[in-house]
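Laboratory data are not the source of any read-out in this text; all were calculated from the coordinates shown. The shown structure was predicted, so the numbers you read here are calculated from the model rather than taken from an experiment. Heads up, the Cβs are rebuilt from the backbone with ideal geometry, glycines too, and the neighbour counts pull from every protein chain shown.
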Amino acid sequence: MTQIVRLMVVPVLMLLVVIDAKAAPIIFTYTGTGSGTIGGASFSNAEFVLTATGDTANRLYDDTSHAFLIPHDSASILIGGVGMFDITTSTKTFVNTFSDIVGFSMGGIDGLDLYNSPVNAVFGSWDMLASLGPVVEATFRMFQWGSSRSLSTDAGLLNFDGDSNVAGSFEATVIPEPTTLALLGVGVLALRHRRGAYSKNCGLR
């Protein structure tokens, strides 16, 4: 029994070390409903999906606000009945572990908040290094954007109206690197091989 435990634990520990050391792409998805304009064209009570990508290797921590943040490598918005648009303004996703909120905001440490979740204890323990959600809430907050918070897109400026609460959701999905997935496969095969060898030596089937 001791022998098989040793045989199985060693490769598993090696995999854990490799996985922990690897950064990974992460996809942030926000949903909600809002009214506003994009490129001068109006939309009203339209469902929208904000999608942004980043990398956990770029995670930062702001001591002042007690928040982790990951700058977005890309961001886009799908507005129901209008279309999908690439956001060209620098943006980020943050999680405030003191206030238990997550949000989509302008880029940089002091970038203005644009779309925040309500308080939820699940955010207080999230370090942005693992997948989370979807977390569905009735009171996501759409901040008054105005001239200082409008986003540039490939169709012109995007603005949402009002300072209101809307039903929405948030989800974060970490995508393992291909090399990590390959190592996981090798590790599983190694475990099966060693377990099979042990069973054969012990006369087990």
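Things worth noting here:
- Rough spin-label spacing in nm, given labels placed 7 Å along Cα→Cβ, for Ala41 and Leu129: 4.4
- Anisotropy class of region 25-175 from Cα gyration tensor, a/c 1.5 cut: prolate
- Label-point gap, in nm, between Thr173 and Asp62 - each point 7 angstrom along Cα→Cβ: 2.7
- Each residue of region 72-84 was assigned a 3J(HN,Hα) from its phi angle through the Karplus curve 6.51 cos²θ - 1.76 cosθ + 1.60 (θ = phi - 60°); the sequence is 7, 7, 7, 8, 8, 9, 9, 10, x, x, 10, x, 10 Hz, with glycine and proline shown as x.
- Mean sequence separation of contacting Cα pairs (under 8 Å, at least six apart), scaled by the length of region 25-175, corresponds to a relative contact order of 26 percent.
- In plain terms, if you count all Cα to Cα distances in region 105-158 and split them into 5 Å steps from zero, the share in each step is 4, 15, 19, 21, 19, 14, 6, 1 percent.
- 3J(HN,Hα) along region 95-104, derived from phi through the Karplus expression 6.51 cos²θ - 1.76 cosθ + 1.60 where θ = phi - 60°, amounts to 9, 9, 7, 8, 8, 6, 10, 10, x, 9 Hz, with x in place of Gly and Pro.
- When only the Cβ of Lys, Arg, Asp and Glu is charged (+1, +1, -1, -1), the dipole of region 25-175 relative to its Cα centre reaches about 120 debye.
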